[in-house]
Amino acid sequence: MRNIPLIILVLTMVSCNGKLVKSEFRPTDNGVWNKDSIMEFTFNEIDTVQRHNLFINLRNDEDFPYNNLFLIAELGFPSGDIVTDTLEYEMAKPDGQWLGKGYGSIKENKLWYKENIVFPSSGVYTLRLSHAMRKNGNVEGVTNLEGVTDVGYEILKSN
């Protein structure tokens, strides 16, 4: 009988992690994300009936010089179709306090990308991520985005 609270705790932890389908991170080049460095992830064996939430995960440190982040995301389907989105995310509050989770100098941000998406067919899906940052008044984009240490994605089962 003394083990019942322990069993409940273990079951709760396992059931919470039961939503995770896929997750992966890739490091940038020494905390610098070059505009031509496209982070590419492939995944397959996804339930074609279940609804999913797809997130872009990003780790940044105190060298990240902006309050927001612009990304280009391309989701490639096994059929060859590609959906391209230009995304903007808030990375800091107006007072400069970083959003995201973590202690110390690195913050991890879980950024919504696709909500309640159904992956309609089996096969290989490809997610390509690149940054699209620009300085105000500058037509040319930022070549090397400092302060981004890792880029990744996460797929969770939707409720």
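Some points to look at:
- Flag for T84 being free of Cβ contacts under 8 Å to residues at least 60 places away in the same chain and either surrounded by fewer than 17 Cβ atoms within 10 Å (Cβ to Cβ) or among the acidic types (D, E) (or both): yes
- Within the range 24-93, strands (runs of 3 or more DSSP E) holding 3 or more residues that are within 21 Å of E140 (Cα to Cα): 32-34, 68-76, 82-90
- Test: residue in the range 92-109 that is polar (S, T, N, Q) and surrounded by 14 or more Cβ atoms within 10 Å (Cβ to Cβ): yes
- Residue within the range 47-54 that is at pLDDT 95 or above and under 19 Å from E108 (Cα atoms) present: yes
- Strands (runs of 3 or more DSSP E) (entirely within the range 102-158) containing at least 3 residues that are at pLDDT below 95 and not aromatic (F, W, Y): none
The values are calculated or read from the model by the stated rules, or taken from the named source; none is laboratory data. Keep in mind that this is a model prediction, so the values were computed, not measured. No Cβ is skipped: glycine too gets one built from the backbone with ideal geometry, and neighbour counts run over all protein chains shown.
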